[in-house]
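Following: one structure in structure tokens, then a few remarks.
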Amino acid sequence: MKAPTPTTRRRKKPAPAEAVVRPLSADQLWAIWKAVREVLPMWRMPFDAMFSRAVWTLVGSDYVWGLRHDPLSRRIFDLMRPLSPRDMRRLLLIARLNQRRHEAISRWTAVAFVTLPLSFGLAMEQLQPALFRRFVDDWDIATFNTLLVVGGIVIYILACAWRARQMASVVELGLIEYAVSFESEPGEDDASPLGTEL
């Protein structure tokens, strides 16, 4: 009888270590932000104001459902899908920074182009009523066109601020969509989250 051949045990391969997801570089992050910005350009504002689902669903107490289901929002969600949680938070920081800058500029524009001229007109009416009346009597088409241009500038800057607010809201919804915490996770370093010092 043949002696039984010893069975060789195969060693189990060690389980691979969890892959460490490296954060995007600064150039990659800003490329994602550029893609988000191109989904919601300013030239689409008139169309979106009339036909966007996010606008037509502004009824009742829920103003989030329409924004979440808007096709443009879904495109931004698709751009965010491959990102790590940390990179999603970095993208949100860029969107919020952009929103704050737009709101600051729009406030100063409103003060410079609306509040100051009205205050000057009221003061001139009180201090120099004859001069103010002559200005009103000499009202012409050039003055009207100037006011139209100024009004157009103010409306455009306010529309830019509204669009910046919309981009920040959609990116914020993206974090909620993918169950990403808004707070930094343990182990994340304290380096500049935007990839560059501001």
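The values are calculated or read from the model by the stated rules, or taken from the named source; none is laboratory data. Keep in mind the model is a prediction, meaning the values are calculated, not measured. Backbone-built Cβ (ideal geometry, glycine too); neighbour counts: all protein chains shown. These accessible areas exclude ligands, DNA and RNA; they are computed on the full protein's heavy atoms, side chains included. Shrake-Rupley method; radii C 1.70, N 1.55, O 1.52, S 1.80 Å.
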- Note on the structure: Within region 46-78, the residues that are over 16 Å from residue 162 (Cα atoms) and within 15 Å of the chain's Cα centre (by Cα) are 68, 74, 75, 76, 77
- Residue hits (region 71-96; small (Gly, Ala, Ser) and either touching a Lys or Arg at 6+ places or on another chain (Cβ under 8 Å) or in a loop (DSSP other than H, G, I, E, B) (or both)) are 84
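May I ask you to say which residue of 115, 146, 109 is assigned to a helix (DSSP H, G or I), free of Cβ contacts under 8 Å to residues at least 60 places away in the same chain, more than 14 Å from the chain's Cα centre (by Cα) and surrounded by 17 or more Cβ atoms within 10 Å (Cβ to Cβ)?
Values: 115 fails: surrounded by 17 or more Cβ atoms within 10 Å (Cβ to Cβ); 146 fails: surrounded by 17 or more Cβ atoms within 10 Å (Cβ to Cβ).
Exactly one of 115, 146, 109 is assigned to a helix (DSSP H, G or I), free of Cβ contacts under 8 Å to residues at least 60 places away in the same chain, more than 14 Å from the chain's Cα centre (by Cα) and surrounded by 17 or more Cβ atoms within 10 Å (Cβ to Cβ), namely 109.
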- Item | Whichever residue in region 46-62 is outside any helix (DSSP H, G or I) and surrounded by 13 or more Cβ atoms within 10 Å (Cβ to Cβ) and, among such residues, is modelled with the lowest pLDDT | 57
- Message: Against the conditions (1) of a type in the set (A, V, I, L, M, F, W, C); (2) modelled with pLDDT of 85 or more; (3) open to solvent by 40 Å² or more (accessible area, probe 1.4 Å); (4) part of a helix (DSSP H, G or I), where does residue 168 fall short? Just the number, please.
- Response: (3)
- Expected single match for without any contact (Cβ under 8 Å) to a residue 24 or more places away in the chain and either touching a Pro at 6+ places or on another chain (Cβ under 7 Å) or open to solvent by 60 Å² or more (accessible area, probe 1.4 Å) (or both) among 96, 81, 133, 90 is 133
